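Working notes, structure below.
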Amino acid sequence: MRVLKIHPEKCTGCLRCELACSYTQTGTFQPAKSVIRVSPFEGHTSYAPYTCTQCAEGWCMTACPVGAITINAAGAKDVLDDTCVGCKLCTIACPYGTMFYDPDTRKAFKCNLCGGAPACAEACPTAAITYEETATLDWLGDFAHERTARVLVGGRGSAS
Amino acid sequence: MATRHLIIGGGTAGINAMRTIREEESTRSEITLVSAERPYSRMVLPYYLDRSIAESHVFTATAKVLADWGVKTHLGRRAAALDAKASVCTLDDGAKVEYDDCLIATGSSAVRAPVPGADGPGVHSFWTLDEARGVIAAIKPGSHVVMVGAGFIAFTILNSILSLGATLTIVELAPRILPRMIDDTGAKLVEDWLTKHGVTIRTGARLARIEDTKGRKRLRFAGASDIACDVVIMATGIKTNLDWLKGAGVTINRGIVVDDRLRSSVPNVYAAGDVAEGRDLISGKGDVHAIEPTAQEHGRVVGSNMAGKDVRYRGSLIINIVEVCHLDVASFGAWDDNRADAAAGLRADRPAYRKLLFSGDRLTGAIILGRSGDIWTSNDVGMLKGLVQTGVALGRFKEHLKKHPFDVKPAFIASRTTHTLLPETILGRPSKAPGDTPVAV
Ligand SMILES: Cc1cc2nc3c(=O)[nH]c(=O)nc-3n(C[C@H](O)[C@H](O)[C@H](O)COP(=O)(O)OP(=O)(O)OC[C@H]3O[C@@H](n4cnc5c(N)ncnc54)[C@H](O)[C@@H]3O)c2cc1C
Ligand code: SF4
Ligand code: SF4
């Protein structure tokens with residue numbers, strides 16, 4: 001399956017992926033409705049995007065009481081709007097924190113890989129997000145571990 | 001001869017078990033379902049109550065789906081007795097069903113406060129589809145509804161009641177609301193929020209009786225003024241549907257005691273969902289959770305084991321979320337462990353509260369309250385679940401979380417929680433989409 005591979009060291013924090021995502025998913029440029037999220041590290045000196053891993057368990061999908069989450073042609077877990085009742089069980093079942101809820105539509109929403117042509121990967125000017133045939137890994141863990149540790153040592157937390 | 005599986009109870013756990021049997025088996029087995037009700041999801045009933053969905057939406061497996069799965073059904077029938085030695089179940093119409101293995105997934109029922117008048121007209125429970133129909137017929141715009149009990153289930157239908165244009169009063173025996181879901185600080189915040197949104201709350205209220213006066217209901221209390229209203233809903237607790245199993249030789253404590261394969265004390269009898277006392281992921285001890293995700297996971301593990309796989313279950317995590325008037329309230333795991341090392345954060349400017357509980361450098365429980373749709377609230381809800389579920393060693397990020405309980409994401413990512421989570425599955429393989437169950441040929 002093709003997945004979103006994140007290359008955090010290439011991210012400049014320009015947020016184009018968030019804009020592209022919200023536009024493709026909702027038709028409006030609203031980063032608040034993006035399902036890929038750029039986070040700052042090291043006191044805003046580095047950034048990395050974070051989104052659904054399309055995990056093997058699909059905790060969101062197996063938790064849904066009405067079968068509103070399915071697997072689309074791209075292999076992504078996808079919410080069927082007409083079936084979703086907005087109970088939010090998926091938002092609390094996804095242990096990655098990548099299920100969202102829209103209070104306007106009262107539906108859950110998530111990354112569906114744009115059905116096989118992810119807008120974020122296309123929009124990223126530095127190729128920090130690529131769409132590739134590869135196994136999903138923890139793309140950000142080491143990167144964040146190193147950088148967050150520096151910040152903690154630098155005084156915000158009491159590192160020990 | 002094909003293996004004969006008997007599923008007793010067609011709710012969440014039973015449906016998940018049947019679907020998983022069909023997904024996992026290598027040779028076709030016989031499945032018989034005995035269920036007092038047609039298969040539907042109870043937790044979807046609040047959305048039927050506020051009419052955001054049609055009644056047909058609550059059903060989880062229609063007659064056609066059951067036929068596609070090749071399930072022989074006894075719907076509207078109850079299991080009345082189990083002869084575990086002979087592997088025979090007797091139904092309430094006298095029919096007998098023989099099995100090679102069986103699943104008990106009969107769920108729970110609502111119980112009402114033991115006061116005079118609790119069974120009178122205009123007094124409802126909200127647990128089954130039938131009861132939901134009763135409440136739907138009773139509530140009219142402008143009705144005054146009194147909810148007796150301020151627990152999780154009561155809260156799942158608050159929004160619906162308000163959206164029907166009813167006024168709502170909540171009465172609770174305990175000194176505070178949501179006693180088994182959040183701590184005192186969280187409860188106070190929710191109580192203030194609800195009061196601000198026009199809900200009347202009376203805590204520490206001992207209901208004495210319910211009377212009829214001029215077509216309305218009158219609730220009388222010990223040491224407090226009466227309340228007159230149109231509709232009373234009793235959300236005063238539930239009990240497991242296990243009375244029929246007395247004397248069957250299956251060990252029952254608070255629920256049916258099960259091992260890590262969800263087997264009861266009788267090896268070819270499994271139990272799942274609200275009736276099962278299974279392993280709690282955090283405490284490692286047996287517990288009855290009575291929540292949807294536990295019923296789903298139990299059901300799938302049983303289905304896989306019935307189909308001949310050998311799946312051991314790590315245990316279930318308590319996860320609860322409810323929204324009231326656009327405020328999200330969620331708790332996880334051992335949120336009420338008063339021996340835990342805890343840190344809390346309360347925002348002064350808006351309704352936002354966090355409590356994180358640690359054992360060593362692992363997160364074992366959390367409470368989170370925040371405005372609905374606040375995207376960062378949603379993100380943190382999932383990440384806190386991930387931290388509790390994996391129990392990753394947080395190391396120095398524990399101190400960070402204790403100081404900054406609203407800054408979960410860096411700790412989650414930098415603790416390589418994703419790395420720990422990625423290989424985790426319940427059945428030891430990727431999950432299938434709900435519609436992908438193999439059908440009978
Ligand atoms: C209004 C409401 C809201 C809820 N909201 C949430 C929520 O937001 N989150 C959450 O986690 N949980 C929620 N729950 C709880 C959740 O619905 C239950 O935990 C879940 O349904 C348990 O699944 P189960 O399979 O164990 O039992 P059930 O789904 O209750 O199924 C039991 C089945 O067994 C049948 N049965 C009973 N006795 C017999 C018998 N003797 N013979 C044959 N069949 C029998 C019943 O008719 C039923 O079909 C809610 C429940 C209600 C009522
Ligand atoms: S939203 Fe969460 S649970 Fe669902 S597939 Fe993505 S990572 Fe997995
Ligand atoms: S919010 Fe929608 S998609 Fe998520 S679990 Fe509930 S019904 Fe399913």
> When the gyration tensor of the range A:1-107 is built from Cα positions, what are the square roots of 5 times its three eigenvalues, in whole Å, from largest to smallest?
Replying inline: 25, 16, 13
>> Which residues among the range B:1-20 fall inside the zone where the amide N is under 16 Å from a point 7 Å beyond the Cα of B:THR27, along Cα→Cβ?
In response: B:1-5
> If we count every other residue with Cβ under 11 angstrom of B:ARG78's Cβ, Lys/Arg +1 and Asp/Glu -1, where does the sum land?
Replying inline: -3
>> Residues of the range B:141-156 with the amide nitrogen closer than 19 Å to a label point 7 Å from the Cα of B:ALA174, along Cα-to-Cβ, please.
In response: B:147-156
>> Suppose every Lys and Arg Cβ carries +1 and every Asp and Glu Cβ carries -1, with no other charges. What dipole size does chain B come out with about its Cα centre, to the nearest 20 debye?
In response: 480 debye
> Taking the range A:54-110, how much of its Cα-Cα pair set, in percent, is spaced more than 15 angstrom apart?
Replying inline: 37 percent
> Can you work out the FRET efficiency for the pair B:HIS197 and B:LYS403, with r the C-beta to C-beta distance and R0 = 35 Å, to the nearest 0.05?
Replying inline: 0.60
> What 222 nm value per residue comes from the helices of chain B, counting each DSSP H run with n ≥ 4 as -39,500 (n - 2.57) and dividing by all residues, nearest 500 deg cm²/dmol?
Replying inline: -7000 deg cm²/dmol
> Per residue of B:44-54, what is the mean number of Cβ atoms on other protein chains within 10 angstrom of that residue's Cβ?
Replying inline: 2
> Can you give the Kirkwood hydrodynamic radius of the protein assembly as shown from its Cα pairs, in Å with one decimal?
Replying inline: 25.2 Å
> What is the Cα centroid distance between the range B:279-333 and the range B:202-231, reported in whole angstrom?
Replying inline: 37 Å
> Over the range B:326-421, what is the relative contact order in whole percent, taking alpha-carbon pairs under 8 Å and six or more residues apart?
Replying inline: 28 percent
> What residues of the range B:94-134 lie in the reach of a label at B:ARG209, counting those whose backbone N is under 12 Å from a point 7 Å from the Cα along Cα→Cβ?
Replying inline: B:115-118
> So how far apart, in nm, are the two label points at B:SER225 and A:GLN30 if each is 7 Å from Cα heading toward Cβ?
Replying inline: 4.4 nm
> What does the charge add up to near B:ASN338, with Lys and Arg as +1, Asp and Glu as -1, over the other residues with Cβ less than 12 Å from its Cβ?
Replying inline: -3
> Rounded to the nearest 20 Debye, what is the dipole magnitude of chain A about its Cα centre when Lys and Arg each give +1 and Asp and Glu each give -1 at the C-beta?
Replying inline: 300 debye
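Looking only at the range B:123-236, where both bridge partners belong to it, what percent of the DSSP beta bridges are antiparallel (to the nearest 5)?
So the antiparallel bridges in the range B:123-236 amount to around 40 percent.
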> On average, how much area does the Cα convex hull of chain B cover when viewed from any direction, in nm²?
Replying inline: 22.5 nm²
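Rounded to the nearest 5, what is the percent of antiparallel bridges among the DSSP beta bridges in the protein assembly as shown? Don't skip to the answer; put the middle values down first.
Values: 67 of 101 bridges.
The antiparallel proportion sits near 65 percent.
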> Share of antiparallel DSSP beta bridges in chain B, in percent to the nearest 5?
Replying inline: 60 percent
> Using a simple charge model, +1 on the beta-carbon of Lys and Arg, -1 on the beta-carbon of Asp and Glu, nothing else, what dipole does the range B:106-250 show about its Cα centre, in debye to the nearest 20?
Replying inline: 220 debye
> Measuring from label point to label point, each 7 Å out along Cα→Cβ, what is the A:THR83 to B:ASP260 span in nm?
Replying inline: 3.3 nm
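Given a Förster distance of 51 Å, report the FRET efficiency between B:LEU346 and B:ASP436 from their Cβ-Cβ distance, rounded to the nearest 0.05. It would help to have the intermediate numbers written out before the result.
Details: r = 45 Å, r/R0 = 0.88.
Result of the calculation: an efficiency of 0.70.
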> To one decimal place, what Kirkwood hydrodynamic radius in Å is obtained for the range B:326-421 from all pairs of distinct Cα atoms?
Replying inline: 13.1 Å
> Which of A:VAL35, B:MET234, A:THR51 sits closest to the plus end of the dipole of the protein assembly as shown, meaning its Cα is farthest towards the positive end, when Lys and Arg get +1 and Asp and Glu get -1 on the C-beta?
Replying inline: B:MET234
>> For the range B:206-342, I need the span (max minus min coordinate) of the C-alpha atoms along each principal axis, in Å, sorted largest to smallest.
In response: 61, 44, 28
>> For peptide A:131-144, what's the mean number of Cβ atoms from other chains within 10 Å of each residue's Cβ?
In response: 3
> Taking K and R as +1 and D and E as -1, what net charge do the other residues with C-beta under 14 Å from the C-beta of B:ALA2 add up to?
Replying inline: -1
>> List the trypsin sites (Lys or Arg not before Pro) within the range B:147-190 that DSSP assigns to loop and that have no more than 16 neighbouring Cβ atoms inside 10 Å.
In response: B:ARG180
> Beyond 20 Å, what share of the Cα-Cα pairs of the range B:123-236 remains, rounded to the nearest whole percent?
Replying inline: 37 percent
> Along each of its three principal axes, how wide is the spread of alpha-carbon positions in the range B:22-135, in whole angstrom units, largest first?
Replying inline: 49, 34, 21
> Calculated FRET efficiency, B:ALA86 and B:ASP310, Cβ-Cβ r, R0 30 Å, to nearest 0.05?
Replying inline: 0.70
> Any idea which of B:ASN268, B:ILE319, B:MET181 is furthest toward the positive side of the dipole for chain B, if Lys and Arg beta-carbons carry +1 and Asp and Glu beta-carbons -1?
Replying inline: B:MET181
> Which of B:GLY299, B:ALA67, B:ALA343 sits farthest toward the positive end of the charge dipole of the protein assembly as shown, with +1 on the Cβ of Lys and Arg and -1 on the Cβ of Asp and Glu?
Replying inline: B:ALA343
>> Averaged over its residues, how many other protein chain Cβ atoms are within 10 Å of peptide B:423-430's Cβ atoms?
In response: 4
> In the Gaussian network model of chain B, springs joining C-alpha atoms below 10 Å, which of B:LEU422, B:LEU207, B:LEU369 carries the largest mean-square fluctuation?
Replying inline: B:LEU422
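Read the figures in this text as sums done on the coordinates, not as results from a lab. Because the structure is a prediction, the values reported are computed rather than measured. Don't worry about glycine lacking a Cβ; one is built from the backbone with ideal geometry, like all the others, and counts go over all protein chains shown.
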